[in-house]
Amino acid sequence: MFVVDTNILVYGANRNAPEHARCRELIESWRRQAAPWYLTWKIVYEFLRVTTHPRVMPHPWSLDRAWNYMEALLSSPSLMVLNETDRHGVIAGDVFSRLGTVLYGNLIHDTHTAIIMREYGLRRIYTRDTDFHRFDFLEVIDPLLPQ
């Protein structure tokens, strides 16, 4: 069980990205597997933000196209979207107290994902974002690096 971060989804969707083939292959294999895999709603919205943004994507998608892609992913029987639980505030407070000196600005978005993962007891995240290494309770897998 694992979470897939936004950048893997974007590379899998963007045929012009050098990372496309590998990320697309992974996404398709996860869609076919019986074991669960996860996103958060923040990751879903971040995918929509990135793929429709003209300063991020050389050929941005329309919101309809981006949402259709996401709907196809969300229809995968083994994919589930995680939400905050009743314990979110307690776990957030613990993470902030332990790592607060290294968490700021844009890192707060990654922290939100890490906290939700901790709520559900999930350790593994597929991402190219090295900032997730700040969280000692996560196993960060960059699928484009040799394992």
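The values are calculated or read from the model by the stated rules, or taken from the named source; none is laboratory data. Keep in mind the model is a prediction, meaning the values are calculated, not measured. Virtual Cβ from ideal backbone geometry, glycine too; neighbours counted across all protein chains shown.
Examine region 100-116 for a residue that is polar (S, T, N, Q), assigned to a loop (DSSP other than H, G, I, E, B) and touching a strand residue (DSSP E or B) at 6+ places or on another chain (Cβ under 7 Å), and state whether such a residue exists.
No, region 100-116 has no match at all.
In region 91-120, what count of residues is obtained for those that are β-branched (Val, Ile, Thr) and touching a residue at least 40 places away in the same chain (Cβ under 8 Å)?
3
Could you give me the residue pairs with C-beta distances under 7 Å whose first residue belongs to region 121-145 and is farther than 16 Å from TYR11 by Cβ and at pLDDT 95 or above, whose second residue is of a type in the set (Lys, Arg) and assigned to a helix (DSSP H, G or I) wherever it lies, and which are 6+ apart or on separate chains?
PHE137/ARG118
Modelled with pLDDT under 95 and closer than 29 Å to ARG31 by Cα: which single residue out of HIS88, HIS109 fits that description?
Residue meeting the stated conditions: HIS109.
Mind checking which residues of region 35-71 are aromatic (Phe, Trp, Tyr) and more than 13 Å from the chain's Cα centre (by Cα)?
TRP61, TRP67, TYR69
If a residue has to be closer than 15 Å to LEU39 by Cβ, out of contact with any helix residue (DSSP H, G or I) (no Cβ under 8 Å at 6 or more places or on another chain) and not aromatic (Phe, Trp, Tyr) to count, how many in region 81-124 make the cut?
3
Filter region 13-44 down to the residues that are small (Gly, Ala, Ser) and closer than 16 Å to ALA66 by Cβ, then identify the one that is surrounded by the fewest Cβ atoms within 10 Å (Cβ to Cβ).
Of everything passing the filter in region 13-44, ALA17 is surrounded by the fewest Cβ atoms within 10 Å (Cβ to Cβ).
State the number of residues belonging to region 81-117 that are within 20 Å of the chain's Cα centre (by Cα), exposed (fewer than 15 other Cβ atoms within 10 Å of the Cβ) and aliphatic (A, V, I, L, M).
Qualifying residue count for the region: 2.
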